[in-house]
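Worksheet: one structure, shown below.
The values are calculated or read from the model by the stated rules, or taken from the named source; none is laboratory data. Computed from a predicted model, the values in this text were never measured in an experiment. Counting neighbours? That spans all protein chains shown, and the Cβs are built from the backbone with ideal geometry, glycine included. In case anyone asks, the SASA skips ligands and DNA or RNA and just uses the protein heavy atoms, side chains included. Shrake-Rupley method; radii C 1.70, N 1.55, O 1.52, S 1.80 Å.
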Amino acid sequence: MADIYIDRETVEYEERRKARALRRAERARQQREREKRIKRYLIVAGGSAAIVIVAVVSLFFLLSSHKKNTAQTADGAESAENIQVDITQTEASGDVRELLYEDADIAGEETGNGTPLMTEVTEEEIRQTAIDNGEITGIGQQLLNTMPDEATAGVSAAVDSGYAILVSLSDNRVLASRQAHERMYPASMTKVLTVLVAADHLGEEQHLDDIFTMTQAIEGFSYENGCSNVGFSVGERIRVEDLFYGTILPSGADAAMGLAEYIAGDQDSFVAMMNEKLDELGISDSSHFTNCVGIYNDDHYSTAADMAVIMNAAIQNPVCLKALSAHTYTTTPTSYHPEGITVSNWFLRRIEDKQETGTVVCGKTGFVKESLNCAVSYATDDAGKGYICCTGYAHGGWKAIYDHVNIYSKYFDPDGYVEPEIPEETGDIEDD
């Protein structure tokens, strides 16, 4: 695979991404240590409570039988009573972990090596901090509404795509729609469901370090069907995490099928899991998949609305969100690729300088001649509110990009929105 030029901004982005990953790993490690301490404390606390009760009874007995030791006994009883009160108050608060976090909650305190101590925070605080820092952790609806209402607008005439939908996540309503519930072929947008199902069945994130060996059968299938690939070699030992990024960024069929075989043993079994997920999401009546790649099949279909539902589920999964939102990624070095393989999400890299307001956080494109160019994306406006957009049947890769720019811009900045003239840029984003 040809080397891809990485500019300084991209290098800095990768450094920040790696730093965030290290912080998340350290936070997870410290949380595990805290949970172990909590379990030990509960055991000790349970035993201590019994000891205190026995001690109090004994002290009262001593008071009645040894008056000469009244002063000492009273002092001992007071001490024991204080201990019992402390334990009772802690149990009443419902969180014995408070005693474990006293040191860590001191603002600005550092460990001996200069690393700030981690503080206990709620999931909501983590989410808000991520938003404030520009690190979106997935803001979706538990049940996404894709049905238009009386206030739903039609899509701008400047939008080339034949199918389109824009859903506001904060309001959980459809803002704009064009044939959003009509059957379409999802092409490589399929891979959003592929990584979602794989992440669902992955188990703990430590399995991202598991190894999958690329097979000749996968390479042969990909070549015969003219699929795009990451560029893995037969016999190459690949980290599972690299398969997630390889499935999304370069739309690699080799990575997608590798995930399918790693999770389910074979593609057919994995596709069964995909269709089970469609049923779980409540869209099995209007969507059905026959492969994990997006290869055309008359029985492999979806709708713009259903793809929005799938993306909504994916952004709530941290493994999926990381892969879907990465602009570039370099796979783990192997004997076949000593420096790894650097891949890019060209949809994100091309749209980022076209969007004047808001931020397109993640996205996945697709193309087969039956579907033309399609794309599904998740974006936030300047106030941090989330939106999902899906389009299909655009007559060119750049037209799909500008369709998303146009749809988002109209709702991100309605006062400043001007019906655009679409540039005559040509070429497909991908061909798989």
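Numbers for the structure displayed
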| item | result |
| --- | --- |
| Within the stretch 332-343, tally of residues that are within 20 Å of the chain's Cα centre (by Cα) and either at pLDDT below 95 or open to solvent by 10 Å² or more (accessible area, probe 1.4 Å) (or both) | 0 |
| Sole residue being within 25 Å of I218 (Cα to Cα) and crowded, with 20+ Cβ neighbours inside 10 Å, chosen from L321, L259 | L259 |
| Flag for A308 being of a type in the set (A, V, I, L, M, F, W, C) and either more than 15 Å from E241 (Cα to Cα) or surrounded by fewer than 20 Cβ atoms within 10 Å (Cβ to Cβ) (or both) | yes |
| When residues of the stretch 358-380 are limited to those that are open to solvent by less than 20 Å² (accessible area, probe 1.4 Å) and polar (S, T, N, Q), the one farthest from S188 (Cα to Cα) | T380 |
| Subset of the stretch 264-282 that is within 17 Å of T215 (Cα to Cα) and of a type in the set (A, V, I, L, M, F, W, C) - its residue that is most open to solvent (accessible area, probe 1.4 Å) | A264 |
| Matching residues, the stretch 221-265, being among the aromatic types (F, W, Y) and closer than 24 Å to T290 by Cβ | F221, Y223, F232, F244, Y262 |
| Complete set of residues in the stretch 375-432 that are modelled with pLDDT under 90, closer than 21 Å to S344 by Cα and within 27 Å of the chain's Cα centre (by Cα) | D428, I429, E430, D431, D432 |
| Condition check for A375: in contact (Cβ under 8 Å) with a residue 40 or more places away in the chain, aliphatic (A, V, I, L, M) and in a helix (DSSP H, G or I) | no |
| Residue match in the stretch 178-196 (condition: within 24 Å of S325 (Cβ to Cβ), over 18 Å from the mean Cα position of the chain (by Cα) and of a type in the set (D, E)) | no |
| Within the stretch 163-191, tally of residues that are open to solvent by 20 Å² or more (accessible area, probe 1.4 Å), under 29 Å from A253 (Cβ atoms) and in a strand (DSSP E or B) | 1 |
| S302 vs. criteria open to solvent by 10 Å² or more (accessible area, probe 1.4 Å) and over 20 Å from L243 (Cα atoms) | no |
| Sole exception among (1) open to solvent by less than 10 Å² (accessible area, probe 1.4 Å); (2) without any contact (Cβ under 8 Å) to a residue 60 or more places away in the chain for E224, by number | (1) |
| Near pairs, Cβ below 7 angstrom, 6+ apart or cross-chain, from the stretch 326-347 (free of Cβ contacts under 8 Å to residues at least 24 places away in the same chain) to any residue that is assigned to a strand (DSSP E or B) and surrounded by fewer than 19 Cβ atoms within 10 Å (Cβ to Cβ) | G340/T330 |
| Residue within the stretch 384-397 that is in a strand (DSSP E or B), in contact with a Gly (Cβ under 7 Å, 6 or more places away or on another chain) and aromatic (F, W, Y) present | yes |
| Test: residue in the stretch 219-230 that is modelled with pLDDT of 95 or more, among the β-branched types (V, I, T) and under 27 Å from F347 (Cα atoms) | yes |
